[in-house]
Every structure is written in C-alpha cells, then in structure tokens.
Amino acid sequence: MNDLPTWALILAVALALAVLIVVGVYLLSRQLQHKEPYAGVMRLRTRQKINFFRFMATDSRVPKKVKFVPILLALYLLMPFDLIPDFIPVIGYIDDVGVIILALVLMVKLTPAETITAILEKASDH
C-alpha cells in the first residue's frame, strides 16, 4: 500500500484549513451585513473604515481597552508570518480580513452604541 508523502499530507491539511477560514470569514461577513451597528461599518468605503478605526482610537468616549484593538490589529498585520502565508494568491489575505473583521466586532461590542453611531457618522463624512 502506498502512503501519502508527508508534504502531501501537510499540503492537504493546509488547504482544508484555508477553505475553512475562507468559508468562516464569508459567513461572518454576511451575518454582520444585516446587524447594526456592524452593517453601518461594513457599508463604509475602505478609506472611511480606516477613519473609523482612527476615530475609535482617538475618541475620548471610547473605553481605553478598546483603543488597544487597532494597535494590536496593526501589529498583527505588520507581522512577517500569518496563519495563511500572504504569498498564496487571494487565500493568503483571507486570514488578514478575518482578523480585521474580528477586531471590528470586538471594538463595536465593547463601545457604547451612541458612541459608535457618532463615530460612524463622522467616518462617513470624511
């Protein structure tokens, strides 16, 4: 009986993990598109989302623990290693998208709703 080489097994596991991450990120983003205030943030254009994170980090109404999330997110995105290496086309960036979405969820969950609404309005104006 012919056993699979170790590299083939590792590749199969990595591919299965990548597919699970892609499906998970897709399902999470679809779910968030229908729940406020997450949907409001998801509708922002890319530059407006960056402004949203910036405003969250600098607004005095945002709890201090929430202000560390964008910093931790930036550090993660700058790290040279990822769950899925970035050199793999398309799939390599999916883990980054997932981490960004999770950071967004955490920030919104830990911040009062009226503060989120005000920051969303400010971000969408810029």
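The values are calculated or read from the model by the stated rules, or taken from the named source; none is laboratory data. Not measured: the values here are computed from a predicted model. Note that each Cβ is placed from the backbone with ideal geometry, even for glycine, and that neighbours are counted across all protein chains shown. Protein only, heavy atoms only, side chains kept; ligands, DNA and RNA dropped before computing areas. Shrake-Rupley method; radii C 1.70, N 1.55, O 1.52, S 1.80 Å.
Per-structure values
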{"item": "Residue match in the range 59-69 (condition: open to solvent by less than 100 Å² (accessible area, probe 1.4 Å) and modelled with pLDDT under 85)", "result": "no"}
{"item": "Check on VAL97, open to solvent by less than 100 Å² (accessible area, probe 1.4 Å), farther than 27 Å from GLU121 by Cα and modelled with pLDDT of 80 or more", "result": "no"}
{"item": "Lone unmet requirement of (1) closer than 26 Å to GLU36 by Cβ; (2) exposed (fewer than 14 other Cβ atoms within 10 Å of the Cβ); (3) among the hydrophobic types (A, V, I, L, M, F, W, C) for PHE87", "result": "(1)"}
{"item": "Options TYR76, TYR38; residue that is under 21 Å from ASP125 (Cα atoms), touching a residue at least 12 places away in the same chain (Cβ under 8 Å), surrounded by 13 or more Cβ atoms within 10 Å (Cβ to Cβ) and under 17 Å from the mean Cα position of the chain (by Cα)", "result": "TYR38"}
{"item": "Contacts under 7 angstrom Cβ, first residue in the range 99-126 being within 17 Å of PRO63 (Cβ to Cβ) and part of a helix (DSSP H, G or I), partner of a type in the set (Lys, Arg) and open to solvent by 70 Å² or more (accessible area, probe 1.4 Å), 6 or more apart", "result": "THR115/ARG61"}
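Here is a yes/no grid of residues against (1) open to solvent by 50 Å² or more (accessible area, probe 1.4 Å); (2) modelled with pLDDT of 80 or more; (3) out of contact with any Pro (no Cβ under 9 Å at 6 or more places or on another chain); (4) not in a helix (DSSP H, G or I):
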| site | (1), (2), (3), (4) |
| --- | --- |
| LEU9 | yes, yes, yes, no |
| VAL13 | yes, yes, yes, no |
| LEU20 | yes, yes, yes, no |
| GLY24 | no, yes, yes, no |
| PHE52 | no, yes, yes, no |
| ALA57 | no, yes, no, no |
